[in-house]
Structure formats: C-alpha cells, structure tokens
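Only the coordinates and a few stated rules stand behind these numbers; no lab work does. Just so we're clear, the structure is a prediction, and the values are computed from it rather than from any experiment. So basically every Cβ, Gly included, is an ideal-geometry build from the backbone, and we count neighbours across all protein chains shown.
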Amino acid sequence: MIAVPSGALVSTETRGTNPAFVYLASLQPTGRRTMQATLAKVAALLGTSLEAAPWGQLQYEHVQALRTKLAEMHKPATVNKYMAAIRGVMRAAWRMGLIEAAHYQRIADVKGVTGSTLPAGRALGSGELGALLRVCSLDQTPAGLRDAALLALAYAGGLRRAELASLDMASLTGDDGEAVTLKVLGKRQKERLCYLDNGARLALLDWLSARGTEAGPLFYAGRRGGHLVKGQRMTGQAIRDVVHRRAAQAGVDDCSPHDLRRSFVSDLLDAGTDIVTVAAMAGHASVQTTARYDRRGEASKKRAARSLHVPYAKRRLP
C-alpha cells in the first residue's frame with residue numbers, strides 16, 4: 001500500500017466535487033466503465049476507495065511509486081492505462097481549482113512504461129466467419145436472422161459493439177441495389193458512412209424482412225427460445241454474448257465482437273486497401289491506431305518478403 005497524507009478530499013461525499021467522478025463523467029459509457037474499474041484498483045493500492053481516495057493530495061513521488069508498483073504487477077500497456085487514468089483525474093482536479101497548475105504538471109511529467117507485448121485479440125479466418133454465419137442460418141428463429149446480420153455488420157462494417165447497439169432504422173440511409181449505406185455514430189460523437197456489399201447486404205436485408213421497417217432500434221433484444229422483444233434495443237453486452245454463443249455452436253475458438261473488427265482491418269489491408277482509407281472506414285483518428293489492429297501475422301510478412309527482388313544469380317561451381 002502507498003501511503004498518502006489525508007486531506008480535505010478524503011471526506012468528499014458528493015460525486016460532483018470528486019475529481020475522479022468528474023473525469024469519469026467526461027468519458028463515453030464504454031470507456032467510463034473500464035476507467036472506473038481502473039481507478040478503483042488505484043485507490044485500493046492507496047488503501048482506500050474510489051470515493052474516498054485523496055486525489056488532491058497525490059504528489060509526484062506518490063504517482064511515481066504507483067507507477068513502479070504497477071510495473072511490477074502488469075504489462076506495459078496496462079500500466080500506461082492506469083497512468084492515463086491518474087493523469088485524467090489530476091487534470092480534472094486542476095480544472096476544478098483543487099490543485100495548482102504546477103502540482104498537476106509535476107504529476108503529468110511521470111513517464112509511462114516503455115516496452116511492447118504481443119497484441120491482444122485475433123483475426124478470424126474466412127472459414128471461421130463462414131462457420132459462424134452457417135450456425136445462424138441453421139437457426140430457424142428470428143434470432144438466427146438477427147445474429148447473421150449482426151455478425152455480418154460487425155465484420156463487413158468493422159463496427160464496435162456500442163456502435164452496433166446504437167443503430168436505428170434511421171441509420172439506414174440508402175440502398176442502390178449493390179450496397180446498403182449506414183450512418184454510424186462512433187466515438188466522440190463522430191459520424192461516418194459504412195457500406196455493406198454482397199453477403200453483408202443480403203444478411204441485413206433478410207433480417208429486415210423479418211424485423212419490418214418500423215422506426216426503432218435496428219437490432220431487437222432477445223428472449224429464450226430465439227424470440228425477440230420488438231422495440232427493445234440490444235446492449236453491448238448482449239452483442240458480446242451473441243458472438244460467444246455462436247462461436248461455441250460453430251466450434252470456433254472463442255472470439256469477441258472486437259475480433260471481428262480486427263479481422264475487418266486485417267483483411268482490408270491484406271487486400272491492398274491503403275491504410276488511410278482503412279482508418280477512415282474504421283473510424284480511427286490516426287493510422288497508428290489502425291496499424292495496431294493488424295492481425296495478418298507471419299503469412300503476410302512472408303508474402304511481402306517474396307515481393308522483394310534481390311538481383312543475385314546462383315554461382316556455378318567450377
């Protein structure tokens with residue numbers, strides 16, 4: 001446990017005056033849950049709770065000690081997530097007038113942890129995606145059509161599960177007979193257009209034939225037996241559960257909705273799409289983020305190596 005002097009903020013009772021909760025309120029719902037759990041663990045290292053942690057009393061040496069302790073427990077990427085959360089809280093404390101700018105700057109100067117690990121998640125093979133869609137086709141309930149469309153959109157549109165959950169009928173902005181156009185609301189309220197061609201378009205149209213065209217959420221929540229609740233929106237967790245359940249039924253190694261998004265990025269890059277276009281399609285602010293989604297593996301490196309020509313001829317022995 002890292003000892004921090006007690007102070008006025010220890011007795012904070014209202015979330016509106018707690019910089020941790022002010023910081024959390026600035027995040028999107030999905031990021032908020034992750035960072036709240038992260039800050040709760042930081043508070044535990046300080047020997048207190050998220051609500052009672054003396055955030056305004058943290059000094060440079062305390063944050064440096066937290067960094068050292070976290071580095072002993074976690075991989076670099078995880079440590080840097082903790083550090084980002086701490087900086088976010090301290091930035092909120094400064095903006096609320098609870099600490100001076102110099103105090104905040106000293107803490108912001110604590111460096112992250114360098115190093116790299118193998119990227120999380122994986123890309124699905126085309127056979128695995130086909131197996132997932134086949135088990136949906138074998139399901140004769142409305143949930144089978146819904147899940148096929150859901151999986152098709154997750155892959156062909158590269159949509160995050162929160163983006164899938166937030167889709168409405170009004171998100172469908174056109175169908176020219178070859179591709180359906182969707183307007184997607186992504187992170188930080190950024191809109192982008194998504195185009196669904198070939199099998200993805202057909203899966204969506206099949207679902208719409210069962211769903212109907214009335215206003216409301218595009219994907220309805222379900223009950224046992226494959227029945228759906230008309231008008232009730234799916235949650236991000238429900239979408240995650242669908243992917244896990246269909247993977248188990250198809251005999252596919254465990255995967256997540258984000259693995260379908262990673263597959264979307266990897267397959268587009270493998271098909272020769274330039275990374276700037278892929279970043280725009282994925283809703284990424286930078287190509288560096290897109291590059292972290294690349295799961296093409298060693299096979300793509302071998303293909304790239306074969307494309308290099310070394311002008312050397314085998315020497316003939318005398």
Inset, instruction - Show which lysines lie in cross-link reach of Lys41 when reach means a straight Cα distance below 21 angstrom and same-chain residues fewer than eight apart are skipped. - result: Lys69, Lys75, Lys81, Lys111
Legend entry - Calculated P(r) of the range 126-257 - Cα pairs past 17 Å, %: 54 percent
Legend entry - the range 105-194 - Rg (one decimal) and Dmax (whole number), Cα, Å: 18.7, 61
Legend entry - Highest average packing first - 153-165, 179-191, Cβ atoms within 10 Å: 153-165, 179-191
Legend entry - Label-point gap, in nm, between Ser26 and Glu178 - each point 7 angstrom along Cα→Cβ: 4.5 nm
Legend entry - Proximal lysines to Lys230, defined as alpha-carbon separation beneath 23 angstrom and excluding residues fewer than eight positions away on the same chain: Lys183
Inset, instruction - Just name one of Ala149, Ala65, Thr173: the one whose Cα is farthest towards the positive end of the charge dipole of the chain (beta-carbon charges, Lys/Arg +1, Asp/Glu -1). - result: Ala65
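Which net charge results for the neighbourhood of Leu208, defined as the other residues with beta-carbon distances under 11 angstrom from its beta-carbon, given Lys and Arg at +1 and Asp and Glu at -1? Each step should come with its number before you reach the end.
Numbers: positive: Arg146, Arg201, Arg211; negative: Asp175, Asp206, Glu214.
That works out to 0.
Under a point-charge model restricted to the Cβ atoms of Lys and Arg (+1) and Asp and Glu (-1), what is the dipole moment magnitude of the range 8-108 relative to its Cα centre, in debye to the nearest 20?
Details: 12 positive and 5 negative charges, 80 e Å.
About 380 debye.
Given 20 °C and 1.002 mPa s, compute D for the range 86-146 with the Stokes-Einstein relation, Rh being the Kirkwood radius over Cα pairs; round to the nearest whole µm²/s.
Using the Kirkwood radius from Cα pairs, D works out to 129 µm²/s.
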Legend entry - All-pairs alpha carbon distance profile, the range 26-75, 5 Å steps from 0, percent: 5, 18, 24, 26, 20, 8, 0
Inset, instruction - Can you spot the aspartates and glutamates whose alpha carbon is less than 20 Å from Lys190's alpha carbon? Ignore those fewer than 8 places along the same chain. - result: Glu163, Asp168
Inset, instruction - Stick to the Cα atoms of the range 190-318, pair each with every other, and give me the Kirkwood hydrodynamic radius in Å at one decimal. - result: 18.5 Å
Inset, instruction - Please compute the net charge surrounding Tyr195, taking Lys and Arg as +1 and Asp and Glu as -1 over other residues with Cβ under 13 Å from its Cβ. - result: -1
Legend entry - Percent breakdown of C-alpha pair distances by 5 Å bin, ordered from the shortest bin, for the range 247-308: 4, 16, 24, 22, 15, 12, 6, 1, 0
Inset, instruction - Assuming R0 = 30 Å, can you tell me the calculated FRET efficiency for the pair Ala44 and Thr235, based on Cβ-Cβ distance, to the nearest 0.05? - result: 0.60
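For n ≥ 4 DSSP H runs only, could you compute -39500 (n - 2.57) per run for the chain, divide by its residues and tell me the 222 nm figure to the nearest 500? Could you put the intermediate results ahead of the total?
Details: 14 runs with 166 residues, N = 318.
Taking each H run of at least 4 residues, the total per residue is -16000 deg cm²/dmol.
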Inset, instruction - Given the peptides 89-98, 306-315, arrange them by the average over their residues of other C-beta atoms within 10 Å, most packed first. - result: 89-98, 306-315
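Do me a favour and compute the ellipsoid semi-axes for the chain from its Cα gyration tensor, root of five times each eigenvalue, largest one first, whole Å. List each step's numbers first, then the result.
On the way: eigenvalues 335, 187, 62 Å².
For the chain, the ellipsoid semi-axes come out as 41, 31, 18 Å.
With +1 on the Cβ of every Lys and Arg and -1 on the Cβ of every Asp and Glu, and nothing else charged, how large is the dipole of the chain about its Cα centre, in debye rounded to the nearest 20? Spell out each step's value before the answer.
On the way: 44 positive and 27 negative charges, 185 e Å.
Here the size comes out at about 900 debye.
Out of every Cα pair in the range 8-108, what percent are spaced more than 17 Å from each other?
On the way: 2371 of 5050 pairs.
Result for the distance tail: 47 percent.
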Legend entry - Helix axis angle, 76-95 relative to the chain longest principal axis, alpha carbon, degrees: 60 degrees
